[in-house]
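The values are calculated or read from the model by the stated rules, or taken from the named source; none is laboratory data. On a predicted model such as this, the values are computed, not experimentally measured, just so you know. Virtual Cβ from ideal backbone geometry, glycine too; neighbours counted across all protein chains shown. Just the protein is used for accessible areas: all its heavy atoms, side chains included, with ligands, DNA and RNA removed. Shrake-Rupley method; radii C 1.70, N 1.55, O 1.52, S 1.80 Å.
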Amino acid sequence: MALSDVREKPAARPEAARRLEQVKDKVAACIQCGTCSASCPNAEFMDMTPRRMWRALLAGRVETVFLSQTFILCASCYMCTLRCPRGLPLTWAMAGLKQAAFSLYPDRFRRSALFYRAFMDNIRQYGRVREMEMMTRYFLALKHPLVPLGYTSMGIRLMAKHKLHLRLPSAGPGRLAPLFDRAGRQEG
Amino acid sequence: MDYLYYPGCSLEGTAMEYDRSCRALSGALGMALVEISDWTCCGATAARCVDELLSVVLPARNLALAEKTDPGIDILVPCSACYLNLETARETIRTDPVMRNRVNQILAPDNLVVTGSNRVRHLLDVLSRDGAADQVAARAGTNMADLVIAPYYGCQCLRPFHEFDDPELPRSMDRLIRATGAQVLEWDMGGTCCGAATATTRPGVGQALVGQILAGAKDADAVVTVCPMCQMNLERFQPEPVPVLYLPQFLGLAMGLSSKALGCGLNLSDVRPVVIRGAP
């Protein structure tokens with residue numbers, strides 16, 4: 001992905017641009033103390049620490065943020081939120097970055113975006129998550145024969161405990177479709 | 001009725017032993033649980049990463065169902081992620097009138113209204129503060145006496161809402177575990193993160209984080225958990241086999257409930273070393 005491509009995208013997607021501004025507002029009072037980085041259980045797996053990422057975001061270096069894996073690796077443990085001396089909602093800000101990234105860069109964050117999409121479609125259809133069907137639809141959307149293999153041993157262990165239920169997918173408008181549609185209309 | 005019960009999707013699937021043991025233990029403690037009828041998914045971690053409004057609407061729908069049938073009754077939630085979503089929605093509804101109006105407009109065609117009047121309480125909150133330890137102690141024998149148990153809390157029942165425990169060095173399980181006669185492992189990793197969903201997408205993360213946690217628990221005979229996601233990760237990424245049980249399974253075994261009623265055959269880790277201490 002070219003950097004110019006990254007720079008142009010927020011302007012082309014007003015709702016994602018709005019989301020990004022909301023995230024910036026959430027972290028605007030950051031004093032760069034680094035408590036978030038020191039508290040993050042996944043910091044060692046990140047290419048950029050959370051403190052550096054917040055700085056890049058506030059400095060307008062959006063491309064640096066979205067070329068990193070930092071926010072994707074947020075496990076939502078809320079330790080940074082708990083400890084932030086400025087009381088910033090950092091975990092929710094991370095979720096806001098994920099939202100913006102999935103809409104701006106569906107290709108770069110394809111696996112996560114497709115997983116969340118399969119999850120939300122599953123709730124829309126049935127009201128509750130049907131784990132087996134959700135994973136099946138996720139794998140079908142991925143169109144990648146090797147990814148499901150990584151989950152095979154876990155699947156077999158769960159199957160042996162009768163924890164995965166094979167149920168026929170049902171057609172129809174969806175259990176929560178009217179609710180989803182009303183929410184969608186309100187967000188416009 | 002004492003509590004409304006919101007099991008959540010995991011407890012119908014991969015965490016079904018958590019559901020069974022919650023119901024069995026509640027019965028033994030004389031707590032009446034009434035499942036919220038027609039409950040739906042709380043949105044899990046996914047909703048917040050896709051759509052901010054839906055991430056409030058989905059849990060709020062369940063709060064509204066509870067308010068409609070049983071206003072003022074506490075909602076007991078065993079899953080930490082469900083607890084966090086329901087509690088976050090409740091806080092939002094109570095403190096943000098604009099969002100409350102938006103959510104109620106969306107719920108109105110289903111004849112639902114949400115004000116956030118029912119309290120949302122994690123299972124551990126209820127067990128640790130509503131008098132369970134005395135009842136466990138009264139019914140526990142000496143079978144668990146020489147076991148050392150590592151209490152593992154995970155994240156989302158502790159943070160960001162620290163309603164019933166210290167959010168960094170939690171202790172609320174100590175009294176419950178001691179009530180069984182077992183000893184509590186002294187450690188400081190009970191509230192550290194297992195990797196949650198990042199362990200699913202990046203197995204290397206799960207291996208590293210769970211490896212550190214289980215290394216910290218190496219002197220314990222078993223680990224007990226209060227979250228389906230923690231349980232899954234702690235059972236999936238074990239360098240050495242160690243029994244991992246849900247807290248109500250362990251308390252139930254100590255009280256003499258049958259391992260079948262507590263779903264002990266459904267754990268992915270080998271929990272027999274603990275189960276044999278309980279009733280046959």
**Request:** Could you list all residues from the range A:64-100 that are more than 23 Å from B:THR201 (Cα to Cα) and either of a type in the set (D, E, K, R) or in a loop (DSSP other than H, G, I, E, B) (or both)?
**Result:** A:ARG83, A:CYS84, A:PRO85, A:ARG86, A:GLY87, A:LEU88, A:PRO89
**Selection within the range B:239-280 - assigned to a helix (DSSP H, G or I) and not small (Gly, Ala, Ser)** = B:LEU247, B:PRO248, B:GLN249, B:PHE250, B:LEU251, B:LEU253, B:ARG272, B:PRO273, B:VAL274, B:VAL275
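Step by step: first the residues of the range B:36-63, then only those that are part of a helix (DSSP H, G or I) and away from every other protein chain (no Cβ under 11 Å), then the one that is farthest from B:SER26 (Cα to Cα). Which residue is that?
Of everything passing the filter in the range B:36-63, B:PRO59 is farthest from B:SER26 (Cα to Cα).
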**Request:** Mind listing whichever residues of the range A:15-61 are more than 14 Å from chain B (Cβ to nearest Cβ) and in contact with a Lys or Arg (Cβ under 8 Å, 6 or more places away or on another chain)?
**Result:** A:ALA29, A:CYS30, A:ILE31, A:GLN32, A:CYS33, A:GLY34, A:SER37, A:LEU57, A:LEU58
**Item:** Subset of the range B:152-181 (residues that are of a type in the set (Asp, Glu) and either open to solvent by 40 Å² or more (accessible area, probe 1.4 Å) or outside the structural domain of B:ALA196 (by TED's automatic domain parsing) (or both))
**Value:** B:GLU163, B:ASP166, B:GLU168
**Prompt:** Given the conditions (1) under 20 Å from the mean Cα position of the chain (by Cα); (2) open to solvent by less than 60 Å² (accessible area, probe 1.4 Å); (3) facing another protein chain (nearest Cβ under 8 Å), which single one is not true for A:LEU164?
**Reply:** (1)
**Request:** Go through A:ALA101, A:ALA118, A:ALA95 for me and flag whichever is open to solvent by less than 20 Å² (accessible area, probe 1.4 Å) and farther than 20 Å from B:CYS41 by Cα.
**Result:** A:ALA101
**Complete:** From the option list B:ARG90, B:ARG121, single residue qualifying as in contact with a Leu (Cβ under 7 Å, 6 or more places away or on another chain) and assigned to a strand (DSSP E or B) is B:ARG121
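Here's the yes/no breakdown for (1) touching a residue at least 40 places away in the same chain (Cβ under 8 Å); (2) under 21 Å from B:LEU158 (Cα atoms):
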site	(1), (2)
A:ALA29	yes, no
A:THR35	yes, yes
A:LEU58	no, no
A:ARG61	no, no
A:PHE66	yes, no
A:PHE71	no, no
A:THR91	no, yes
A:PRO106	no, no
A:ARG110	no, no
**Request:** Give the range B:173-207 a look and list any residue that's touching a Cys at 6+ places or on another chain (Cβ under 9 Å) and either closer than 13 Å to B:TYR152 by Cα or aromatic (Phe, Trp, Tyr) (or both), or say none.
**Result:** B:GLY191, B:THR192, B:CYS193, B:CYS194
**Request:** For the range B:47-65, name all the residues that are among the hydrophobic types (A, V, I, L, M, F, W, C) and over 19 Å from the mean Cα position of the chain (by Cα).
**Result:** B:ALA47, B:CYS49, B:VAL50, B:LEU53, B:LEU54, B:VAL56, B:VAL57, B:LEU58, B:ALA60, B:ALA64, B:LEU65
**Request:** Consider B:SER26 carefully, then state whether it is hydroxyl-bearing (Ser, Thr, Tyr), more than 30 Å from A:PHE115 (Cβ to Cβ) and more than 9 Å from chain A (Cβ to nearest Cβ).
**Result:** yes
**Message:** With the requirement that a residue be closer than 15 Å to B:ASP70 by Cβ and within 13 Å of another protein chain (Cβ to nearest Cβ), what does the range B:83-113 give you?
**Reply:** B:LEU112
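Quick one: which residue in A:PHE180, A:PHE71 is more than 18 Å from B:THR14 (Cα to Cα), within 11 Å of chain B (Cβ to nearest Cβ) and over 18 Å from the mean Cα position of the chain (by Cα)?
Exactly one of A:PHE180, A:PHE71 is more than 18 Å from B:THR14 (Cα to Cα), within 11 Å of chain B (Cβ to nearest Cβ) and over 18 Å from the mean Cα position of the chain (by Cα), namely A:PHE180.
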**Asked** If we scan the range A:27-34, do we find a residue that is in a helix (DSSP H, G or I) and open to solvent by 20 Å² or more (accessible area, probe 1.4 Å)?
**Response** no
**Message:** Condition first: in contact with a Leu (Cβ under 6 Å, 6 or more places away or on another chain), closer than 21 Å to B:ALA44 by Cβ and not charged (D, E, K, R). Now tell me which residues in the range B:17-27 satisfy that.
**Reply:** B:TYR18
**Request:** Could you grab the pairs with beta carbons closer than 7 Å, sequence gap of 6+ or different chains, first residue in the range B:39-51 and in the same structural domain as B:SER10 (by TED's automatic domain parsing) and without any contact (Cβ under 8 Å) to a residue 12 or more places away in the chain, second one assigned to a helix (DSSP H, G or I) and among the basic types (Lys, Arg)?
**Result:** B:CYS49/A:LYS98
**Message:** Quick check on my filter: what residues within the range B:200-221 are assigned to a helix (DSSP H, G or I) and either at pLDDT 95 or above or more than 8 Å from chain A (Cβ to nearest Cβ) (or both)?
**Reply:** B:THR200, B:GLY206, B:GLN207, B:ALA208, B:LEU209, B:VAL210, B:GLY211, B:GLN212, B:ILE213, B:LEU214, B:ALA215, B:GLY216
**Prompt:** What are the pairs, 6+ residues apart or on separate chains, where a residue within the range B:9-27 that is in contact (Cβ under 8 Å) with a residue 24 or more places away in the chain has its Cβ under 7 Å from a residue that is part of a helix (DSSP H, G or I) and small (Gly, Ala, Ser)?
**Reply:** B:SER21/B:GLY252; B:ALA24/B:GLY252; B:LEU25/B:GLY252
**Message:** Tally up the residues in the range A:38-61 that are closer than 14 Å to A:VAL27 by Cα and assigned to a helix (DSSP H, G or I), please.
**Reply:** 9
**Request:** Scan the range A:142-155 for residues that are away from chain B (no Cβ under 11 Å) and more than 19 Å from A:ASN122 (Cα to Cα) and jot them down.
**Result:** A:HIS144, A:PRO145, A:LEU146, A:LEU149, A:THR152
